[in-house]
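K.L.:
Just dropping this structure here.
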Amino acid sequence: MRTDIVTITLNPTVDFSTSAPRVYPEEKLRCSEPQIDPGGGGINVARAVRLLGGQATALVAIGGAAGAQLLQLLALEGVPTVAFQGPGETRQSTSVIDETSGEQYRFVMPGPIWTEEDVQRGLRSIDQAAGEDTYVVLSGSQPPGVAKDFPSILSSHVEGRGARLIVDTSGPALHHLAAEPHEAISVLRMDGAEAEELAGRVLPERTDTADFARGLVDRGVARTVIVARGADGSVMTTSGESWHAVGAPVQVVSKVGAGDSFVGAYTLWSARGASPEDCLRAGVAAASAAVASEATRLCDPELTRRLMEETRVTRL
């Protein structure tokens, strides 16, 4: 199966989200009825694309009863899915909102340990799904056992098939990716803390972020680099230009899925041939819509469209 957008989730999760009158130790906490959703970076990107009127195929590693539940949840949402066998049992994660303080507690499990054989099985599945002009999105955490150079290896696979790679990663994988050029990486996205860690210095101003991103672009790490600056929006840099986009203020309900909503909207608008500025505007608006939504409901399409009209994009 080949589609215009394929998302990759090596470490998916079944997300449980609930609330309690108050979160405190030792005692049993009587929680509300849980909301159960399919989760993991690439899965959430595909869900966001569907919410916004597009279609993306979610390529997912699954295992055990939780993996079967994950596929059922994706089918109920109408997300096209290509599953391949992963090791062990698909992980589960939980988020709990303290109703008294409004604070959210997120408990994220590590996932099963992968072997080299598992990695090769995943790469074969990706090779079958990605074709010329396909947008391939790698988002979310890497499972234990997957080497930090996986995004670089994936880049070489994608390059050989004429596809375009969008990467949203962190930690050792991001550091390894940023160390050398990659012809196939169309977009590399990270948050502000990750950018400062890579840069080895604070990036207080938007222009500081743009200068850092331009250094990565000039070294050929990616053709476009996007850095999320939290409430201050996002900075996007290409070979010749930089932009900043910030959305209208919204009440923060849950931060789950904001980054994935950004990537989903950005990728969908890119696949539709929108200008870089409009792709950035769509991503920022979708991220804002996600934080204004409960639990893992991601970006409400009507709110996203309204916020797009209020999102300011300026050239740096």
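K.L.:
Based only on other Cβ atoms within 10 Å, what is the fewest-to-most ordering of Glu196, Glu26, Glu103?
P.N.:
Glu26, Glu103, Glu196
K.L.:
Which whole-Hz couplings ³J(HN,Hα) result when phi for each residue of region 51-68 is put into the Karplus expression 6.51 cos²θ - 1.76 cosθ + 1.60, θ = phi - 60°, listed in order with x for Gly and Pro?
P.N.:
Computed from phi, the couplings for region 51-68 are 4, 8, x, x, 9, 10, 8, 8, 8, 9, 8, 10, x, x, 5, 5, x, 5 Hz.
K.L.:
If you don't mind, another one. Counting alpha carbon pairs within less than 8 Å and at least 6 residues apart, what relative contact order, in whole percent, applies to region 43-161?
P.N.:
Relative contact order here is 20 percent.
K.L.:
Kindly list the residues of region 224-264 that lie in the label zone of Glu77, defined by a backbone N under 11 Å from the point 7 Å along the Cα-to-C-beta vector.
P.N.:
So the set is 257, 261.
K.L.:
Between Ser101 and Ser239, what is the label-to-label distance in nm when each label sits 7 Å out along the Cα-to-Cβ direction?
P.N.:
About 5.0 nm, to one decimal.
K.L.:
With a cut-off of 8 Å between alpha carbons and a minimum separation of six or more residues, what is the relative contact order of region 5-315 in percent?
P.N.:
16
K.L.:
Still on this model: Picking from Asp260, Asp133, Asp37, which is most flexible by a Gaussian network model of the chain using Cα springs under 10 Å?
P.N.:
The residue that fluctuates most here is Asp133.
K.L.:
Something else now. Report, by chain and number, residues whose modeled amide H sits under 5 Å from the one on Arg164, excluding near sequence neighbours (fewer than 5 apart, same chain).
P.N.:
So Arg164 has HN proximity to Asp133, Thr134, Tyr135, Val136.
K.L.:
Would any residue of region 139-173 have its amide N under 19 Å from a label point 7 Å out along Cα→Cβ of Glu116? List them or say none.
P.N.:
Within reach of a label on Glu116, which here means backbone N under 19 Å from a point 7 Å along Cα→Cβ, region 139-173 contributes 143-157.
K.L.:
To continue, here is another question. Using only Cα atoms, locate the centre of region 90-123 and the centre of region 8-57, then give the distance between them in Å, rounded to an integer.
P.N.:
Taking the Cα centre of each part, region 90-123 and region 8-57 sit 10 Å apart.
K.L.:
Now for a separate question. Once both labels are modelled 7 Å past Cα along the beta-carbon direction, what's the Ser170-Met109 spacing in nm?
P.N.:
2.0
K.L.:
Just from its helices, what would the mean residue ellipticity at 222 nm be for the chain, if runs of 4 or more DSSP H residues each count -39500 (n - 2.57) and the sum is divided by every residue, rounded to the nearest 500 deg cm²/dmol?
P.N.:
That comes out to -11500 deg cm²/dmol.
K.L.:
What does region 5-315 give for Rg and for Dmax, in Å, if only its C-alpha atoms count?
P.N.:
Cα-based Rg and Dmax for region 5-315 come out at 18.6, 57 Å.
K.L.:
Place the peptides 142-150, 308-316 in order of packing, highest mean first, counting for every residue the other Cβ atoms within 10 Å and averaging per peptide.
P.N.:
142-150, 308-316
K.L.:
Sticking with the crude label model, points 7 Å out along Cα→Cβ, report the distance from Ala147 to Arg315 in nm, one decimal please.
P.N.:
Here the answer is 4.4 nm between the modelled labels.
FYI, it's all coordinate maths here, none of it is from the lab. All figures in this text were calculated on a predicted structure; none of them were measured in a lab. Using ideal geometry, Cβ is built from the backbone for each residue, glycine included, and neighbour counts are taken over all protein chains shown.
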